[in-house]
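Here the structure is laid out as structure tokens; the discussion comes afterwards.
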Amino acid sequence: MEAKIGSTLIRLVQGDITREKTDVIVNAANPSLRGGGGVDGAIHRAGGPEILQECIDKYPKGCGTGEARITTAGQMDAKWVIHTPGPIWRGGQQNEEGLLRNSYHNSLLLATKHGAKSIAFPSISTGVYGFPIDQAAKIAISTVIENLNEISMKEIHFVQFSASDCQVYTRTLTQILKDTQEES
Ligand code: AR6
């Protein structure tokens, strides 16, 4: 599914994020920035060891939850990887929603600072970190739409590994567009 909002194209994609040709690929990292499983593992495998080396050299203290750090993208087509540790879901009482919002917002700001025009997000925190996918999809899409005016992006991709997650994103984007139309 695709939707044009102002001059920005929002595209929902099912597949492997490491194959995206956007300027930036976002990594659902952990605070150590020393690699891991899931999408983090896939990005480091596809990009090669220079990404991990750059994380070690530039970010010896890692990265706080909801913050974002940038490296090059090694062997991948993208120019940069933005690493952001999302929150671990603990039932929703520990500001997990705010922290997830921060991950998307800070990634967008950092990408803009580097002049990126396109960015691809995975579904941050909804794998081993256990964030419920419906809530996470709503936060991901609404954070992007709310910040379109302060970012430079022409294309924003949400890349889901599974067909069922992609369906959740499609349903969520459809609903958000409908709500926005009703408001205006
Ligand atoms: N392309 C797109 N999406 C993917 C890919 C891929 N190649 N591989 C997995 N996903 P997760 P988290 C999806 O667990 O919940 C790591 O070990 C996956 O299906 O990767 O934020 C880090 O180092 C799910 O929908 O990230 C951290 O320790 C989504 O990506 C921890 O996991 C996120 O799942 C972060 O956990």
For this session: Residue by residue through segment 37-73, note down the ones that are on the phi < 0 side of the Ramachandran plot and assigned to a loop (DSSP other than H, G, I, E, B).
Result: G37, Y59, P60, K61, C63, G64, T65, E67, A68, A73
Exercise. Inside segment 146-182, can you point out the residues that are within 16 Å of the ligand (Cβ to nearest atom), polar (S, T, N, Q) and either open to solvent by 60 Å² or more (accessible area, probe 1.4 Å) or at pLDDT below 95 (or both)?
Worked result: S164, Q167
Problem set entry | In segment 29-51, residue most open to solvent (accessible area, probe 1.4 Å) [restricted to those that are more than 21 Å from Y129 (Cα to Cα) and of a type outside the set (D, E)] | P49
Exercise. Looking at this structure, is D134 in contact (Cβ under 8 Å) with a residue 24 or more places away in the chain, open to solvent by 50 Å² or more (accessible area, probe 1.4 Å) and not in a helix (DSSP H, G or I)?
Worked result: no
Problem set entry | Selection count where residues are within 14 Å of the ligand (Cβ to nearest atom), of a type in the set (G, A, S) and either farther than 20 Å from L52 by Cα or open to solvent by less than 10 Å² (accessible area, probe 1.4 Å) (or both), scope segment 1-28 | 1
Exercise. Give me the pairs: first residue in segment 1-29 and free of Cβ contacts under 8 Å to residues at least 40 places away in the same chain and in a strand (DSSP E or B), second residue of a type in the set (D, E, K, R) and open to solvent by less than 10 Å² (accessible area, probe 1.4 Å), beta-carbon distance under 8 Å, and six or more apart or on different chains, which are they?
Worked result: none
For this session: Taking R45 as the residue in question, decide whether it is out of contact with any strand residue (DSSP E or B) (no Cβ under 9 Å at 6 or more places or on another chain), basic (K, R) and within 13 Å of the ligand (Cβ to nearest atom).
Result: yes
Seminar exercise, completed: Condition set in contact with a helix residue (DSSP H, G or I) (Cβ under 7 Å, 6 or more places away or on another chain) and assigned to a helix (DSSP H, G or I), scope segment 82-106, selection nearest to the ligand (Cβ to nearest atom): answer is L100
Exercise. Using beta carbons and a limit of 6 Å, which pairs, at least six apart or on different chains, have the first residue in segment 32-47 and under 15 Å from D77 (Cβ atoms) and the second one in a loop (DSSP other than H, G, I, E, B) and more than 6 Å from the ligand (Cβ to nearest atom)?
Worked result: A46/M76; G47/A73; G47/G74; G47/Q75; G47/M76
Exercise. Residues in segment 107-119: is at least one buried (at least 20 other Cβ atoms within 10 Å of the Cβ) and within 15 Å of the ligand (Cβ to nearest atom)?
Worked result: yes
Exercise. Looking at segment 81-120, which of its residues are under 11 Å from the mean Cα position of the chain (by Cα) and of a type in the set (K, R)?
Worked result: R101
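The values are calculated or read from the model by the stated rules, or taken from the named source; none is laboratory data. Computed from a prediction, not measured in an experiment: that's the story for all the values here. Counting neighbours? That spans all protein chains shown, and the Cβs are built from the backbone with ideal geometry, glycine included. Only protein heavy atoms, including side chains, enter the accessible area calculation; ligands, DNA and RNA are left aside. Shrake-Rupley method; radii C 1.70, N 1.55, O 1.52, S 1.80 Å.
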